[in-house]
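Have a look at the structure below, then the notes.
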There are 2 protein chains.
Amino acid sequence: MAIPRYTGAVSNAELDDLLEVCKALANPTRLQIMGWLRDPSDHFAPQADPVEEVGVCVKQIQEKAGISQSTASQFMSVLQRAGLVESTRIGQWTYYRRNRERIAALPELLSASL
Amino acid sequence: MAIPRYTGAVSNAELDDLLEVCKALANPTRLQIMGWLRDPSDHFAPQADPVEEVGVCVKQIQEKAGISQSTASQFMSVLQRAGLVESTRIGQWTYYRRNRERIAALPELLSASL
DNA sequence: TTCAAGCATCGGAAAATTCCGATATGACGA
DNA sequence: TCGTCATATCGGAATTTTCCGATGCTTGAA
């Protein structure tokens with residue numbers, strides 16, 4: 001049984017975490033989407049449920065980004081797995097919104113890692 | 001001639017910049033290297049020139065990371081193009097060190113973009 | 001000048017990512 | 001119950017990234 005060695009200021013889990021975030025953001029469209037989600041009502045048309053509460057549905061993101069439906073769905077999954085967005089299913093829609101806590105913690109994670 | 005439209009809080013150039021940073025960090029080895037460069041003397045053996053001043057030579061990084069010489073050189077180029085490290089050539093060695101200003105500015109860039 | 005060390009670049013095989021259309025699932029309305 | 005809409009997932013072609021060995025360049029010592 002190997003004894004884990006203390007390797008620095010940041011745990012491996014945190015580094016893996018940061019890596020996932022970087023991979024998720026290492027795509028121009030996904031990075032843009034994150035920007036649009038900062039001010040949803042500025043970038044997306046009105047929809048059934050209030051944008052500011054639940055977020056933006058996949059269809060709106062797909063149209064805005066000019067990508068296929070399947071790609072839009074996959075992109076949002078990638079962002080969600082990285083913890084950058086949260087989702088709520090209401091009826092036939094899945095609404096995505098920024099994960100504010102997580103995003104607010106990123107600068108600190110960055111400062112601690114590089 | 002198209003008139004550029006104001007599209008939000010962050011310029012396209014800044015987004016491209018952030019994208020390059022994310023791409024550079026979206027690799028486990030490169031991310032690790034950035035961490036090692038925070039405390040070079042803790043992670044690398046002594047070398048001809050003082051680590052704290054000029055940085056770490058490619059050979060040390062290569063050995064620490066367990067990658068080939070060519071890969072080490074390429075990885076450092078990627079990090080440099082993203083602005084994350086600076087280099088100094090002294091004799092036969094190329095020393096790489098963190099770009100402190102740039103790294104210090106990252107949290108703000110991040111906060112402004114997502 | 002010659003040799004070796006350190007680094008950068010080239011060429012390419014393998015792996016991962018991108019992004020699509022097709023298809024499946026569940027919700028809603030007629 | 002059917003058909004439609006929004007979304008998720010599957011399978012795969014195209015592109016990009018990864019990472020290597022081979023090669024070329026520059027420096028410093030002999």
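The values are calculated or read from the model by the stated rules, or taken from the named source; none is laboratory data. Worth saying up front: this structure is predicted, and the values here are computed from it rather than measured. As a convention, Cβ positions derive from the backbone with ideal geometry for all residues, glycine included, and neighbour counts pool all protein chains shown.
Assorted remarks:
- Subset of region B:28-46 (residues that are at pLDDT below 95 and within 12 Å of DNA strand C (Cβ to nearest atom)): B:F44, B:A45
Results for (1) more than 10 Å from chain A (Cβ to nearest Cβ); (2) out of contact with any Leu (no Cβ under 9 Å at 6 or more places or on another chain), shown as yes or no for each residue.
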position	(1), (2)
B:Q74	yes, yes
B:G83	yes, yes
B:R89	yes, yes
B:Y95	yes, yes
B:R98	no, no
B:R102	yes, no
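- So A:A104, is it modelled with pLDDT under 95 and in a helix (DSSP H, G or I): no
- Number of positions in region A:69-103 that are over 15 Å from A:E20 (Cα atoms), within 11 Å of DNA strand C (Cβ to nearest atom) and in contact with a helix residue (DSSP H, G or I) (Cβ under 7 Å, 6 or more places away or on another chain): 5
- Test: residue in region B:60-72 that is over 30 Å from B:L114 (Cβ atoms) and within 14 Å of chain A (Cβ to nearest Cβ): yes
- Unmet criterion (only one of (1) more than 25 Å from B:S113 (Cβ to Cβ); (2) at pLDDT 90 or above; (3) in contact with a Gly (Cβ under 9 Å, 6 or more places away or on another chain)) for B:D49: (2)
- The set of residues in region A:104-114 that are polar (S, T, N, Q) and free of Cβ contacts under 8 Å to residues at least 24 places away in the same chain contains only A:S111.
- Enumeration of residues in region B:15-59 that are touching a Ser or Thr at 6+ places or on another chain (Cβ under 7 Å), facing chain A (nearest Cβ under 10 Å) and touching a residue at least 24 places away in the same chain (Cβ under 8 Å): B:L15, B:L18
- Flag set for B:V51, criterion: touching a Pro at 6+ places or on another chain (Cβ under 6 Å) and on the phi < 0 side of the Ramachandran plot.
- Meets criteria (more than 12 Å from the chain's Cα centre (by Cα), buried (at least 17 other Cβ atoms within 10 Å of the Cβ) and assigned to a helix (DSSP H, G or I)) for A:L31: no
- Region B:43-91 holds helices (runs of 4 or more DSSP H) entirely within its bounds, and those carrying 2 or more residues that are more than 25 Å from A:A26 (Cβ to Cβ) map to B:51-54, B:58-65.
- Among the residues of region B:60-103, none is identified as surrounded by 12 or more Cβ atoms within 10 Å (Cβ to Cβ), without any contact (Cβ under 8 Å) to a residue 12 or more places away in the chain and basic (K, R).
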